[in-house]
Amino acid sequence: MEKVIISPSILSADFSKLGIEIEEVKKAGAQWLHIDVMDGHFVPNITIGVPVIKSIRKNTDLILDTHLMIENPENYIESFAKAGSDIITFHYEACKDDKKVRDVIHQIKGYGIKAGLSIKPNTKPESVYQFLNEVDLLLVMTVEPGFGGQEFIHDCALKIPKIKQNAPNNIIIQVDGGINNLTSKICKSLGASSLVAGSYIYKSQDYKKSIENLMQ
């Protein structure tokens, strides 16, 4: 089994020392950095925007895994791409129809970066089968997006093998929500290749040990 990609979510980091927090997870073995962008409309919370990503880009060579939980993602792709995102993932549910989903995927790829598509807990995996050959990453939410520290919804993880069965071999299947040393094993056994973890890493006393636990 290939090593799973760990993408620590900075939503759970201490923002008063964000640069140090990012350097610490890098030293601890993280390959990516998950950046949750929320607009207060698509989800009931507001987080960070383009200026923070620009600042992070100047200070790390980690892969910036930007997750847009926003309405009208097409209006912001250029800004987030130019800010330094290596991957931009947007929500299937944020688009009014399948054409819009496809347009946003192509828009992201037009900047020479990876395109990801995410589905919320109540969205059936069948809804996105038609896009699996076009995206680089499919993100399965195992909590309702909007806040960190929520409990893992086991039924959502059962979407992973269905997606894997219908996707090309090189697609990254990422899981976000309630990931810890136990739920990570469930997701990996079902076929996940990337795990987003916030609280489990950043609220721990030992980032390296936490990341290693997720990778085992």
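The values are calculated or read from the model by the stated rules, or taken from the named source; none is laboratory data. Everything numeric in this text was worked out from a predicted model, so none of it was measured. Methodologically, a virtual Cβ is constructed for each residue, glycine included, from the backbone with ideal geometry; neighbour enumeration extends over all protein chains shown. To get the accessible areas, we keep the full protein, side chains included, count just its heavy atoms, and leave off ligands, DNA and RNA. Shrake-Rupley method; radii C 1.70, N 1.55, O 1.52, S 1.80 Å.
Points worth noting:
- Semi-axes of the equivalent ellipsoid for the range 78-194, computed as √(5λ) from the eigenvalues of its C-alpha gyration tensor and ordered from largest down, come to 23, 16, 14 Å.
- Residues whose placed amide H lies under 5 Å from that of Ala197, excluding near-sequence neighbours: Ser7, Ser9
- 3J(HN,Hα) along the range 105-122, derived from phi through the Karplus expression 6.51 cos²θ - 1.76 cosθ + 1.60 where θ = phi - 60°, amounts to 4, 5, 4, 4, 5, x, 9, x, 10, 6, 10, x, 10, 10, 10, 6, x, 8 Hz, with x in place of Gly and Pro.
- A simple rule links phi to the HN-Hα coupling: the Karplus curve 6.51 cos²θ - 1.76 cosθ + 1.60 with θ = phi - 60°, which for the range 184-190 gives 4, 5, 4, 5, 5, 5, 8 Hz, with x for Gly and Pro.
- With 10 Å bins from 0: P(r) over the chain, alpha-carbon pairs, percent: 9, 38, 40, 13, 0
- Extension gain from Met215 to Lys100, taking 0.36 nm per residue of separation minus the Cα-Cα distance: 37.9 nm
- For Thr89, the residues 5 or more places off, or on other chains, whose built amide H falls under 5 Å of its own are Thr66, His67, Leu68, Gly116.
- Averaging the Cα positions of each part gives two centres, and for the range 186-216 and the range 1-31 these lie 10 Å apart.
- Simple spin-label estimate for Lys82 and Lys203 in nanometres, 7 Å along Cα-Cβ: 3.8
- Cα-only radius of gyration and Dmax that characterise the range 175-216, units Å: 9.5, 29
- Each helix, a run of at least 4 DSSP H residues, gives -39500 (n - 2.57); summed and divided by the residues of the chain, these come to -9000 deg cm²/dmol at 222 nm.
- Modelled spin-label separation between Lys3 and Leu182, with each label point placed 7 Å from Cα along the Cα-to-Cβ direction: 2.7 nm.
- On a per residue basis, the range 105-216 carries 45 Å² of accessible surface, using protein heavy atoms and a 1.4 Å probe.
- Of the residues Asp103, Asp136, Asp176, ranked by 1.4 Å probe accessible area with the largest first, the sequence reads Asp103, Asp136, Asp176.
- Portion, in percent, of the accessible area of the chain that falls on carbon or sulfur, probe 1.4 Å: 49
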